[in-house]
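Colleague: Got a structure here, written out as structure tokens. Questions coming.
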Amino acid sequence: SSGINAEYGAPPSNDLRRKDRIVRYKPYVPKEGEDPMSEYMNLLAMLFSMCGLMMRFKWAAWAAVYCAFIGFSNSRSSEDTKQIFSSFMLSISSVVMSYLQSPTPMAISYFS
């Protein structure tokens, strides 16, 4: 104990930590009425619409529309309407673009 803090290598008089600013970590506990379903559905809508646009999967484009509708119906009025609107419009555009590229109806391959 030669006056040097063995744990940090600095003398105790130069300790810059402020004890009044230390806040212990508390994990986030969701409130009773809080449901993240609309955020999950908006994320799924964007992922499916990107699959529909990039890989020309019509089923993914329709799944994006479905997820966008669910995300819109589960959203609260206090949420960001730009994100909801953009996921909805992206899903609609993926359906339109997939049918503009190949206008044939969607074939269900495992039934034929």
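The values are calculated or read from the model by the stated rules, or taken from the named source; none is laboratory data. The structure displayed is predicted, hence computed values, not measured ones. Counting neighbours? That spans all protein chains shown, and the Cβs are built from the backbone with ideal geometry, glycine included. Note: areas computed on protein heavy atoms with side chains; ligands, DNA, RNA excluded. Shrake-Rupley method; radii C 1.70, N 1.55, O 1.52, S 1.80 Å.
Colleague: Looking only at segment 9-25, count every residue that is part of a helix (DSSP H, G or I) and modelled with pLDDT under 70 and tell me the total. Steps first, please.
Modeller: Let us first name the residues in segment 9-25 that are part of a helix (DSSP H, G or I), namely 12-14, 19-21.
Of the ones still in play, those that are also modelled with pLDDT under 70 are 12-13.
Number satisfying all stated conditions: 2.
Colleague: Aromatic (Phe, Trp, Tyr) and within 17 Å of the chain's Cα centre (by Cα): does that describe residue 69? First the steps, then the outcome.
Modeller: Working: aromatic (Phe, Trp, Tyr): yes; within 17 Å of the chain's Cα centre (by Cα): yes.
Criteria met by residue 69.
Colleague: If you go through segment 29-43, how many residues are more than 12 Å from residue 74 (Cβ to Cβ) and either of a type in the set (Lys, Arg) or surrounded by 14 or more Cβ atoms within 10 Å (Cβ to Cβ) (or both)?
Modeller: The number of residues fulfilling the criteria is 2.
Colleague: Inside segment 53-100, can you point out the residues that are part of a helix (DSSP H, G or I), over 30 Å from residue 33 (Cβ atoms) and open to solvent by 90 Å² or more (accessible area, probe 1.4 Å)?
Modeller: 54, 55, 59, 62, 100
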